[in-house]
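Let me begin by presenting the structure, written as structure tokens, before commenting on it.
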């Protein structure tokens, strides 16, 4: 709180000085630049855009195999075997995505000189963690009680909430990504036959698009 108050006082003094002795437009422009610098210093930017793209492709591949199993295009398998395979695919998507994102983010942080695990990273992970953990628990309970159609929708909704919650501590573009995933999740609730398509659109296509956007905007 004291640090924020000190920054605010500094801004006021600086702005008053610039307004008095320099061109007013120049003072406003300088103030905006300083505000942007401070805003960027609060954000964790070691998340690799290409790792988000890779996670999107992994999600699409996983969806392809999942739909193949559900439609008996791969198999056929007994109902119990299908359940086990689908859970295994979901776990594989999660594990592979985390490994890729961690590895590529570690490489990026080493390249930029920013520590992979610092105070900004803790705030970012904390903001993402609670919605993701809640969504994971809800997905597990849905699986346990055989509400399978609800799982893709709930994952999209809570992933969207996680992106929105984490956006102030990372790339601001995550907020729009989160809102779009949230909308897809809500729509998929009333279109159960196509919920895996919405899931693929959110975790696959949107992650790929936003991953490339972050890469070319911030990493090039």
*Only one residue in 214, 157, 183, 187 is surrounded by 15 or more Cβ atoms within 10 Å (Cβ to Cβ), touching a helix residue (DSSP H, G or I) at 6+ places or on another chain (Cβ under 7 Å) and more than 22 Å from residue 123 (Cα to Cα). Which one?*
187
_So, residue 142, is that one touching a helix residue (DSSP H, G or I) at 6+ places or on another chain (Cβ under 9 Å), surrounded by fewer than 19 Cβ atoms within 10 Å (Cβ to Cβ) and closer than 23 Å to residue 101 by Cα or not?_
no
*Those residues that are surrounded by 11 or more Cβ atoms within 10 Å (Cβ to Cβ) and modelled with pLDDT under 85, I need them from region 63-72; list them, please.*
70
*Where in region 109-200 are the helices (runs of 4 or more DSSP H), entirely inside, with at least 2 residues that are at pLDDT below 90 and closer than 14 Å to residue 45 by Cβ?*
119-144
*Within region 110-123, is even one residue over 20 Å from residue 55 (Cα atoms) and in contact with a helix residue (DSSP H, G or I) (Cβ under 6 Å, 6 or more places away or on another chain)?*
yes
*Could you figure out which of (1) closer than 19 Å to residue 63 by Cβ; (2) free of Cβ contacts under 8 Å to residues at least 60 places away in the same chain isn't true of residue 199?*
(2)
*Does at least one position in region 104-119 carry a residue that is within 18 Å of residue 159 (Cβ to Cβ), over 14 Å from the mean Cα position of the chain (by Cα) and either crowded, with 17+ Cβ neighbours inside 10 Å or in contact (Cβ under 8 Å) with a residue 40 or more places away in the chain (or both)?*
no
*Pick from region 211-220, criterion part of a helix (DSSP H, G or I) and either more than 21 Å from residue 64 (Cα to Cα) or more than 15 Å from the chain's Cα centre (by Cα) (or both), ranking: modelled with the lowest pLDDT*: 218
*Does residue 100 satisfy the condition of being free of Cβ contacts under 8 Å to residues at least 24 places away in the same chain and either over 14 Å from residue 170 (Cβ atoms) or assigned to a helix (DSSP H, G or I) (or both)?*
no
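The values are calculated or read from the model by the stated rules, or taken from the named source; none is laboratory data. Note that the structure is a prediction, hence the values are computed from the model and not measured. We place every Cβ from the backbone using ideal geometry, glycine too, and count neighbours over all the protein chains shown.
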